[in-house]
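Just below is one structure, and these are the notes that go with it.
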Amino acid sequence: MAATAERNYLRTAPAERLPSPAERAGMFGWLRENLFSSRGDIALTLICILFIVWAVPPLLRFFLLDAAWSGNDREACLASPQLPEPGACWAFVRVWFSYFVYGFYPLFERWRVDLFFVALAVGIGWLAWLSAPRRDLGAVYFFIVLPALSCALLSGAPRLGLIDIPTALWGGVLVTIVVATVGIVASLPLGILLALARRSELPVVKFIAVTFIEFVRGVPLITVLFMASVMLPLFVPERLSPDKLLRALIGVALFASAYMAEVVRGGLAAIPRGQYEAAQALGLPYWRMMALVILPQALRVTLPNIVNTFIGLFKDTTLVFIVGIFDFLRTIEAARADPRWATPVTSVTGYAFAALFYFICCYGMSRYARNVETRLARAHRR
């Protein structure tokens, strides 16, 4: 009877379960269970409290209370009799903000970049919202309509009245978002194909996949970018040489797909052999078995690793400035070298602004993946 009751308890939805002792005890019970449950937890909690008390007030004073929020040059961020210890120079960020977002993109054409950001946000929101209506149309929009619309908006379409804008003028957040989006979207399907090819029973297919994965994973991303940017034009005629940004996009996508292949392969290895045998017993061919039975389970198992790879790729986009592409961090580097803003706090403020941008984006991806993981685990328990 006890075993039956326990099984029934586990099968019930979380909302129908009885609260735990810590939940019944309220806030003090939660604190006791999570922060003061042992001597080690007590010590770590006290150390964290002391660190917060010691570090947070000076940081708040520097970045908020003593910060300079307005001004047109370095004079606004220098020390003065009223402010002997100047804080962050947010006036520098305010003046250079458009450059950080658009780079050298023509001023009167920046509405196209804004429209691209809106279209991308709509596509991501449509797919990320698990309860959204007609998500099949959302997938068509994101993978077919959005790329064509983005190319027309950003690069230009003279037939539609949109003048051509060379990628050399792109920069800032625009380049970072484009490189990260292309790398993330392209790496997952390529990684799945490479993982399946590495597990293939065909020797030639397996050899090619293993060679590509091990070679790409054995060199740093900077090397891949240099090879794509410098060596690729040596093997093709000049008229067929791809654009510098396109070379970087190809290099980032190939690099990320190699790492994604190993992540997916780990998920495939975690699937019990019985799942393959059950799908084969139903008469499913190989590709339908993978698409309907194996891959959904494998991707669910390895979802944290997939998101971790995406986050790492998003941060690695800063390396494209090595090959002369002005990404978000490179625009901050260029702006802080302006002598009109030469102050001791300009660099700190610029890097803090960059850190805030990357933290918001990466933390958002992490939290969304955590919510999806929790929802999938709840559905699995049901």
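The values are calculated or read from the model by the stated rules, or taken from the named source; none is laboratory data. Worth saying up front: this structure is predicted, and the values here are computed from it rather than measured. For neighbour counting, all protein chains shown are included, and Cβ atoms are generated from backbone atoms with ideal geometry for every residue, glycine included.
Candidates Ala121, Ala128, Ala180, Ala139: the one that is under 22 Å from the mean Cα position of the chain (by Cα), modelled with pLDDT of 90 or more and farther than 30 Å from Asp338 by Cβ is Ala121. Taken together, the residues in segment 59-69 that are in a helix (DSSP H, G or I) and either at pLDDT 80 or above or under 18 Å from Ser347 (Cβ atoms) (or both) amount to 5.
Against the conditions (1) part of a helix (DSSP H, G or I); (2) surrounded by 16 or more Cβ atoms within 10 Å (Cβ to Cβ); (3) not hydroxyl-bearing (Ser, Thr, Tyr), Ile325 satisfies every one except (1). Only one of the listed residues (Pro133, Pro86) is in contact (Cβ under 8 Å) with a residue 40 or more places away in the chain and over 20 Å from Phe328 (Cβ atoms). That residue is Pro86.
Yes/no matrix, rows are residues, columns are (1) acidic (Asp, Glu); (2) buried (at least 20 other Cβ atoms within 10 Å of the Cβ):
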| site | (1), (2) |
| --- | --- |
| Leu194 | no, yes |
| Arg198 | no, yes |
| Phe207 | no, no |
| Ile213 | no, yes |
| Thr223 | no, no |
| Phe226 | no, no |
| Pro233 | no, no |
| Val236 | no, no |
| Asp243 | yes, no |
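Which condition breaks for Leu284 when tested against (1) part of a helix (DSSP H, G or I); (2) modelled with pLDDT under 85? Result: Leu284 fails condition (1) only. Does Pro296 fit the bill of being in a loop (DSSP other than H, G, I, E, B) and surrounded by fewer than 16 Cβ atoms within 10 Å (Cβ to Cβ)? No, not satisfied.
Just one of the listed residues (Leu169, Leu174) is more than 16 Å from Ile250 (Cβ to Cβ), at pLDDT 90 or above and not charged (D, E, K, R), and it is Leu174. Take Val175 and tell me if it is without any contact (Cβ under 8 Å) to a residue 40 or more places away in the chain and in a helix (DSSP H, G or I). Answer is no for this residue.
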